[in-house]
Each structure stands twice: as C-alpha cells, then as structure tokens.
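The values are calculated or read from the model by the stated rules, or taken from the named source; none is laboratory data. Computed from a predicted model, the values in this text were never measured in an experiment. Don't worry about glycine lacking a Cβ; one is built from the backbone with ideal geometry, like all the others, and counts go over all protein chains shown.
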Amino acid sequence: MINQALKFCVINLGCRVNAFEATVITDMMIDSGFVLTDEKDAEIFIVNTCTVTARADAKVRNTINKINRNKNKQILVIIGCYSQINYQYAALHGEIVLGNKFKNQIPELINQYLKERKPIVKVDNLAKERNFEENPVFSFCENTRAVIKIQDGCDFMCSYCLIPYARGRQRSLAHTKVIDTIKKLVQTGFYEIVLTGVNTAGYKDENGYTFYDLLKDINGLEGKFRVRISSIEPFQINHDIIDLVVNNKRFVQEFHLCIQNANDEVLKVMNRKYTVKDFIALCDYIRCKNPLMSITTDYIVGYSNETQEFHTNAIENLKQIKFAFMNIFPYSERKNTAASFTKSIVSDTEKFNRTKEITKLANTITHEYLKQFINETVDVYFEYPKNPNVQQGHSQYFFMVYIPHKQSLQHQLHQVKITKVDVDNKVYGELITSC
C-alpha cells in the first residue's frame, strides 16, 4: 500500500442506500490504512453522489466546485449515481471518477492513482448487471441502528426516473446471507435493524425466495430486536406482508409507500402501476388491521401534465389518504428519461405554489396523526442525544420522541407516555419504565 496514513473524508449526498454505502466506504478506507478526518483536514475527498432530482445534481456540482476552489494537492474522488450518469462532467473535475459498480474498489484505485498520478475513470453500463455486490453491514446513529442493503436496482422504468440507469436492474442478496447477518447483529447487541434497497419489497433471490418469505423467517428468529422496512412500492405489498407486519412486534409499525402523485392521470403518465383507488384500498386495509399504523410517502408536485384540475383532485385524495408524513418534491426534469421528451405545462411559479399548498396540508394531517398518541404509551429506542439534557429516540411507529432527561438513555428501550405535540410536530413525552 502507498501513503496509507493519508487523511480522508466522505461527503454523502442522497438516499438511505447512499448513506449505507458511504459508511461501507469509510470502513474500507480505514481498514486499508487511511485516516478518517473532517473536510478541513482531508487530503482525499470522496463524494458519494445522487442524481434523483435536478436539485440533487446542483448540490453535487456545488459540492465538487467548492472542493476544487479550495483544494491544493488534495485528491477528489467522485462516485455514485451522478458519476454513473454524468461521468463526462465528473471526469473534468475529479482525479478519480467511479460508477456504482466500482465503489468497493476505492482504496485500491486511490493507491493506484497515488502511484501513477494519472486520472482514473471507471463507469460500466449496469443494464446487464445481475450480480448483487455484497457489502459488510455497518451501524448508524452512533451504533444504535444497523442497516442491511438487501436489494439494489429497479426494473420499473417510471417515466421521470433515472434510477434504473444509475443503479441497474433489480438484484438481491441471498436470503441465507441476510438471515446470517441479522443473527450476528443481534448477537452483537443491535436492537434496531433496517432492511433497505432501491426497491426493497422487490427482493427476490435467485431461488425465488420472496420478500414475504424473508420477513417471515426474520420474524421467527430468536433475540430481542425490531426491524424497520425502508421505502417500498405500493403495488408490491400484499395482504400477507401487511398481516405479518401488523401482527408482530418484531416490525416497526410503519409502511413507507411511495405514491408519487394522487391523481390518476398524472400516475398514468408517470408509468406508475396503480390507481388512486388501488392505493386508498391498500391504506384502508392497513388501517383496518392497525388504525395507528404510520403510512408515509414520497410525493412529486407539478409533474409535466399536472393541470390545476388534476392538482385540485390530488389535494382531495390526499385529504382522504391522510399520510402520517410526506416527503414532498417539486418535479424536476431528468435528461434522457421518457418524461424529458414531453413539454411541461406547469410553470415554476405554479410548482412553488402547489408545493407550498401540499406542504401545509401535509403538516396539518401529520399534526392530527401525532395528536392521537397524547396520553398513550409507546416503546422508544433511544439514540445518541443531540442535546445532553434531552433524550431522543424513535417509537415503534417511527416518529421521533423527545424527553427531558439528563442521564443518557442511548441503546435503551423504554416505555414513554406522550404528553405533547408542538406546532412543529415535535413529539414530547415522559419516561415510564424500561421495556
């Protein structure tokens, strides 16, 4: 190895899968002899990029340009979805540019660059990639939560989305490896484990073993731990999965179902695989099984064909669906997607106003959802406190709970009585007892 004592930092931009992979990269670098530091002292900058929206692209470019303005002899490594799609631009600004297939080779390629001092660009077409790239599992939130990437890629080709090009075709980690990893994590002491992927519920290994099969086997494992399922597509969740999650304390009582829009005409042009009626029926079934279930979503405002009539209809549908939480994004055109070849009828001003309107509605509905828990008791797993006088952790419904308490409760599971929901939808409670 060459110059193993060089200091590096990882700047992560993007989704939970990116966050998982950034942690994997950090550990690989440390194992290879490099020293983790902050941006101020870094000699190697590793930027793990995102390209899901135009805003994400702009953030990547701003980050790259900021590093280049201030760097002297430091090395800039640009990796991830942006470099997979826009490698020509990245290659003009970084010493090393890698697509998603080559993230696990970062330490070796940095050493190669240090030896040869020649730019390195490695980006493959992922369309034919069928192998799942295995990564070790690492912890998040100051070692209170472990994340396992069980799936990568997407086959659905929504008209607005670049992810199938950035991540490739759908592929999954062998179920025996998922189960073995969870067993090891539980033995190590992790209480909360997150199953994540680009299209998590699309999990299916080469033997035809499905996501439901995986959840069923996880539920049967010994040990005290809970499992959170990350973002899933509504057309991939069925009654068997819902019943299994609702009826077992093993699972966090949250479904993050990506509706993307709440008007049928918009969904059709987006190439989504369901109608609003289908989605409402799914939510009704979930709430029939657990009225308090946290149903959360991602939502795109101002899609290219979204008339004012379609938007108004979507507002009424959102009032009926009542998401516990919404991640709201104004539509941004992605070059070379199917949607990019259609002229948008929605102005930036209309997008802004509609986003503001839906955000206001979403906050109101979230407040009503959270108020149901006042004077109720929830199970809270406490994480690293940002304020030493206030402890915080996620409930089994995945909303954050804050309690005034000077002694650290990190890594502990406690029952908490909810006492207040403030105007910013922060939830407060008082400690009752250890679970």
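Details
Here is a yes/no grid of residues against (1) farther than 23 Å from Phe373 by Cβ; (2) assigned to a loop (DSSP other than H, G, I, E, B); (3) in the same structural domain as Ile286 (by the TED database):
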residue: Ile179; (1), (2), (3): yes, no, yes
residue: Ile193; (1), (2), (3): yes, no, yes
residue: Thr196; (1), (2), (3): yes, no, yes
residue: Leu244; (1), (2), (3): yes, no, yes
residue: Asn248; (1), (2), (3): no, yes, yes
residue: His256; (1), (2), (3): no, no, yes
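- Test result for Ala54, surrounded by fewer than 20 Cβ atoms within 10 Å (Cβ to Cβ), of a type in the set (A, V, I, L, M), closer than 24 Å to Ala339 by Cβ and at pLDDT below 90: yes
- Hey, Tyr82 in contact (Cβ under 8 Å) with a residue 24 or more places away in the chain, at negative phi and buried (at least 19 other Cβ atoms within 10 Å of the Cβ) or not: yes
- Residues (in contact (Cβ under 8 Å) with a residue 40 or more places away in the chain, of a type outside the set (Val, Ile, Thr), part of a helix (DSSP H, G or I) and touching a Cys at 6+ places or on another chain (Cβ under 8 Å)) located in the range 150-177: Ala166, Arg167
- Those residues of the range 320-348 which are part of a loop (DSSP other than H, G, I, E, B), touching an Asp or Glu at 6+ places or on another chain (Cβ under 9 Å) and not hydroxyl-bearing (Ser, Thr, Tyr), in sequence order: Lys322, Ala324, Arg334, Ile345, Val346
- Where Asn387 falls short, out of the listed (1) without any contact (Cβ under 8 Å) to a residue 40 or more places away in the chain; (2) of a type in the set (S, T, N, Q); (3) surrounded by 14 or more Cβ atoms within 10 Å (Cβ to Cβ): (3)
- When residues of the range 102-122 are limited to those that are touching a helix residue (DSSP H, G or I) at 6+ places or on another chain (Cβ under 9 Å) and in contact (Cβ under 8 Å) with a residue 40 or more places away in the chain, the one surrounded by the fewest Cβ atoms within 10 Å (Cβ to Cβ): Asn104
- Residue tally, condition assigned to a loop (DSSP other than H, G, I, E, B) and small (Gly, Ala, Ser), over the range 264-319: 2
- Identity of the residue in the range 192-211, buried (at least 16 other Cβ atoms within 10 Å of the Cβ) and charged (D, E, K, R), that ends up farthest from Leu162 (Cα to Cα): Glu192
- Within the range 322-370, being buried (at least 20 other Cβ atoms within 10 Å of the Cβ), over 19 Å from Ala262 (Cβ atoms) and modelled with pLDDT of 95 or more holds for one residue alone: Leu370.
- In the range 390-402, the residues that are under 15 Å from Asn425 (Cβ atoms) and either modelled with pLDDT under 95 or surrounded by 14 or more Cβ atoms within 10 Å (Cβ to Cβ) (or both): Gln392, His394, Ser395, Tyr397, Phe398, Phe399, Val401, Tyr402
- The range 3-14 residues that are closer than 14 Å to Glu39 by Cβ and in a strand (DSSP E or B), paired with ones that are modelled with pLDDT under 85 and of a type outside the set (A, V, I, L, M, F, W, C) (beta carbon under 7 Å, 6 or more apart): Asn12/Asn18
- Test: Glu43 is of a type in the set (Asp, Glu), modelled with pLDDT of 95 or more and more than 20 Å from Phe102 (Cβ to Cβ): yes
- Selected residue (criterion: nearest to Cys161 (Cα to Cα)) from residues of the range 26-51 that are crowded, with 22+ Cβ neighbours inside 10 Å and under 17 Å from the mean Cα position of the chain (by Cα): Thr51
- Qualifying residue in the range 212-230 (condition: touching a strand residue (DSSP E or B) at 6+ places or on another chain (Cβ under 9 Å), assigned by the TED database to the domain that holds Ser344, at pLDDT below 95 and surrounded by 21 or more Cβ atoms within 10 Å (Cβ to Cβ)): yes
- Qualifying positions in the range 374-404 - over 23 Å from the mean Cα position of the chain (by Cα) and either small (Gly, Ala, Ser) or in a loop (DSSP other than H, G, I, E, B) (or both): Ile374, Asn375, Glu376, Pro388, Asn389
- Subset of the range 255-295 (residues that are touching a residue at least 60 places away in the same chain (Cβ under 8 Å), closer than 15 Å to Glu233 by Cβ and crowded, with 20+ Cβ neighbours inside 10 Å): Ile259, Gln260, Met270, Arg272
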